[in-house]
1. Considering (1) in contact (Cβ under 8 Å) with a residue 40 or more places away in the chain; (2) touching an Asp or Glu at 6+ places or on another chain (Cβ under 6 Å), say which one residue 224 fails and leave the rest.
2. Yes or no: the range 42-49 includes at least one residue that is aliphatic (A, V, I, L, M), crowded, with 18+ Cβ neighbours inside 10 Å and touching a Ser or Thr at 6+ places or on another chain (Cβ under 6 Å).
3. Does the range 4-17 contain at least one residue that is over 19 Å from residue 165 (Cβ atoms) and either assigned to a helix (DSSP H, G or I) or free of Cβ contacts under 8 Å to residues at least 24 places away in the same chain (or both)?
4. Specify which of the listed residues (66, 53) is in a helix (DSSP H, G or I) and without any contact (Cβ under 8 Å) to a residue 60 or more places away in the chain.
5. Considering each residue of the range 53-76, count those that are buried (at least 17 other Cβ atoms within 10 Å of the Cβ) and out of contact with any Lys or Arg (no Cβ under 6 Å at 6 or more places or on another chain), and give that number.
6. Those residues that are assigned to a strand (DSSP E or B) and either modelled with pLDDT of 95 or more or touching a His at 6+ places or on another chain (Cβ under 7 Å) (or both), I need them from the range 225-238; list them, please.
7. Take the conditions out of contact with any Lys or Arg (no Cβ under 6 Å at 6 or more places or on another chain), over 30 Å from residue 94 (Cα atoms) and not assigned by TED's automatic domain parsing to the domain that holds residue 15 and apply them to residue 249. Does it pass?
8. Would you mention how many residues in the range 239-261 are in contact with a helix residue (DSSP H, G or I) (Cβ under 7 Å, 6 or more places away or on another chain), surrounded by fewer than 16 Cβ atoms within 10 Å (Cβ to Cβ) and not in a helix (DSSP H, G or I)?
Amino acid sequence: MKKPRLGQNYLIDENIAHEIIHHAGISNNQHVLEIGPGQGILTTLLLEKAKSLIAIEIDSKLCLALTERFNENKNFQLIQADAVKYNYSALVNKCQVVSNLPYYAATHILKKLIHYREYFSQITVMLQKEVVDRLVAIPGTRSYGSLSVFIQFYCEVERIIEVNKEAFSPKPKIDSSVIKLIPLTRPRVQVDNLKTFFSVVNASFLHKRKMLKNNLTGWENLFQNQNGKAELAGINLSRRGETLSIEDFAGISNYINSCND
């Protein structure tokens, strides 16, 4: 059996496609960006709704097919490019993103979109269910990790649709979920130094089963002893990273930053 090109699984369920478009809430004055249009099931519906549509597709054969199918639409532009490497600051208009992201690069693409979040009013994307579990996870749950903190630091997150693997061809091994992200005008919490903040977050989750005092050894010189227990910025370091809120991470980060001034 031939493997799908670039590991893509194409959405074939028209009802799911209509549901995604409905939840995205696109109006005829909006510019839309679609990443990985594949065989064009979302593309067709987006062109009916949006003021303009830019589609980014890496696969040259799919680009040929998409060009033949949609080239008469004046509001359609197809860019053959790698969405992970694309410079989204080249977009002329602020866009709404609506995409069934290719599984093999979904997390990398999403991080790139967040990096360029000022160019997007809203991001509605379909991802593997287990990835969405991580994006919406709250402290104290198994799926909560550095990706949860990163996304929720920059965006409002809403899980909107669950999609069975039967809705795709070739059928993947896992189900999918659709998520809506709305970039915040400012990050969720005040952080004095972003590099320090994300260094603390990533270190805290480096070994998920380890306590913070074993993961944050890079700042061991700042540990304080309170009643025989190690603390940092008032956080008990016997805790694990998965129990800390975004505010907790910001508190540790800002304390470290103040000590380094």
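1. (1)
2. Within the range 42-49 (the criterion being aliphatic (A, V, I, L, M), crowded, with 18+ Cβ neighbours inside 10 Å and touching a Ser or Thr at 6+ places or on another chain (Cβ under 6 Å)), the answer is no, since none of the residues qualifies.
3. Scanning the range 4-17, I find no residue that is over 19 Å from residue 165 (Cβ atoms) and either assigned to a helix (DSSP H, G or I) or free of Cβ contacts under 8 Å to residues at least 24 places away in the same chain (or both), so the answer is no.
4. Going through 66, 53 in turn, just one is in a helix (DSSP H, G or I) and without any contact (Cβ under 8 Å) to a residue 60 or more places away in the chain: 66.
5. 11
6. The answer is 230, 231, 232, 235, 236.
7. So residue 249 fits the description; yes.
8. 1
The values are calculated or read from the model by the stated rules, or taken from the named source; none is laboratory data. Values in this document were obtained by computation on a predicted structure and should not be read as measured data. Here the Cβ is made from the backbone with ideal geometry for all residues, glycine too, and neighbour counts use every protein chain on show.
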